[in-house]
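Here is the structure we will look at, set down as structure tokens.
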Amino acid sequence: NSAPSKAELAMEGYMLLAERLRSEDEKKLVQTTIEEKMKVKLHCEDAYYGPDSDAQKLLQKIVCDDHDSMRAAAGLTLNSIAATKSLLRLLSLVQRCFQHKEPVLLVGDTGCGKTTVVQLMSVIFRRHLHVINCHASTETSDILGGLRPLRGRDMILREMVQMAISLLEKIPNGDDLQNVPSFLLHEKERLSSASQGGAGDSYQDSNSEVSYPSNAAELIVSFARSLRQASIIKGVDSSEISTRHSKKKQKLETGEAVAVKEDDFCRDIKSLIKAIEHLHEKHSSLFEWIDGPLVTAMKKGHLLLLDEMSLAEDAVLERLNSVLEPSRLLVLAEKGGDVSLDSSEELPSEFQNTEIRANDDFRIFATMNPGGDFGKRELSPALRSRFTEIWVPSVIDRHSIDLVVEKTLSSVKTVSKELLGQVRTKMLDYVEWFNKTACGDTSSALA
């Protein structure tokens, strides 16, 4: 990142080096070292919590803009957002990672706002958020997707029929060709009469009631393959093409009209034949690939959150390594299929190879609790190094807890504000006593 000034460069370095540390003493050491070497003064309070900070502007954007639908999708309400110092700091840091397409790992105890800040990012930038709740039984297929029994076989057959009819319409005198399945000719006539009679909608309604021969898919693909060997696509009389495609003419700058090129015509025919063959392959399959949350988010440019990432097995998380690299690439070896086809042939999107490059809008986030407690562990160094790690401390200061309690009690309309203020004070006094006296005493059972 090209920082405009030396002070901003020092601040960016502090965010990168110090904000992953879990000890305040270590953070102060990093800050002191940067200030001595860079000969600048770091103003962290203004950068994170000041009125002109990025976090304050982002929160103001949520209040001013109409994000009702996005907030509902993310499960947020304005009353549930308390602008604590912890939240403002997180927004500033995560927003910088978001701008530079960096994968973010938020580490902190339960209830410190890790998931909330990711939900806020989806609302602010109007991006759909996929959430995967990881656990010990999480499998690779839960993240990438997997093979499922094929459904909608009739829909695939109807699509093959439509493509075959389009193939007949493109070829001069296609109805007079040999090996044309009779049910295709009948379907073409039915479609033509329905459109001429202005009954397009009724045709669509009755389309599901049309029955085809049990071997219709094999007949269609055999007819399409016979055309590939026939002279119809190897050498077509240019006069026939010009007559049949007289309406598809192009104008040169001089105004002179030219007929559609023979190469373009043959290329369209070959493309249709190839698409029919792929549909036949899909129709004959017992299983189909269903994209998981990660693949869907990479293709469509959505946000992905891996909640409690450290609970999943290492063998599952290793499949994310290539996605976390700068190339943001994923090879779906689990998908199988024929990936050795000639790359010069243009295939439909659903039949392209299994190499997926992430959309520019794709972002990935992960959260985890620090290791040490029962059932909790740290991620491997190889995986952690691919993330921009941010430590999220627990909310323990009185002012931040007061903001949270105030937001929570603001929905109570039957009690006066003065009484609510007294209740908040009593609650805060008890929390402070419990943390310092009850839990702070090493001889206490609650310590």
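Restricting attention to the stretch 18-31, and to residues there that are free of Cβ contacts under 8 Å to residues at least 60 places away in the same chain and open to solvent by less than 100 Å² (accessible area, probe 1.4 Å), which single residue is farthest from P370 (Cα to Cα)? Filtering first and then ranking leaves Q31. Condition check: in a strand (DSSP E or B), surrounded by 13 or more Cβ atoms within 10 Å (Cβ to Cβ) and modelled with pLDDT of 80 or more. Does I390 satisfy that? Judged against the criteria, I390 is a match. Checked against (1) within 24 Å of R225 (Cα to Cα); (2) of a type in the set (A, V, I, L, M); (3) modelled with pLDDT of 90 or more, L279 passes all but condition (3).
Restricted to the stretch 283-300, and to residues there that are of a type outside the set (G, A, S) and in a helix (DSSP H, G or I), the residue that is surrounded by the most Cβ atoms within 10 Å (Cβ to Cβ) is L294. Checked against the criterion of being closer than 27 Å to T116 by Cβ, modelled with pLDDT of 90 or more, part of a helix (DSSP H, G or I) and open to solvent by 10 Å² or more (accessible area, probe 1.4 Å), the stretch 302-310 has no qualifying residue. Would you call T408 open to solvent by 80 Å² or more (accessible area, probe 1.4 Å) and over 28 Å from P103 (Cα atoms)? Judged against the criteria, T408 is a match.
Taking the stretch 81-198 as the region of interest, the helices (runs of 4 or more DSSP H) fully inside it that hold 2 or more residues being among the acidic types (D, E), out of contact with any Lys or Arg (no Cβ under 8 Å at 6 or more places or on another chain) and open to solvent by 40 Å² or more (accessible area, probe 1.4 Å) are 153-170. Quick one: is I401 among the hydrophobic types (A, V, I, L, M, F, W, C), farther than 27 Å from A297 by Cα and either modelled with pLDDT of 80 or more or open to solvent by 30 Å² or more (accessible area, probe 1.4 Å) (or both)? Yes. Residues in the stretch 414-428 that are of a type outside the set (S, T, Y) and open to solvent by less than 70 Å² (accessible area, probe 1.4 Å): V415, L420, G421, V423, R424, L428. Considering the conditions (1) in a loop (DSSP other than H, G, I, E, B); (2) farther than 20 Å from H128 by Cα; (3) at pLDDT 90 or above, N359 is excluded by exactly one of them, (2).
The set of residues in the stretch 32-56 being acidic (D, E) and open to solvent by 60 Å² or more (accessible area, probe 1.4 Å) consists of E36, E45, D46, D52.
The values are calculated or read from the model by the stated rules, or taken from the named source; none is laboratory data. Since the model is a prediction, treat every value here as computed from it, not as a measurement. Counting neighbours? That spans all protein chains shown, and the Cβs are built from the backbone with ideal geometry, glycine included. Side chains included, ligands, DNA and RNA excluded: accessible areas come from the protein's heavy atoms. Shrake-Rupley method; radii C 1.70, N 1.55, O 1.52, S 1.80 Å.
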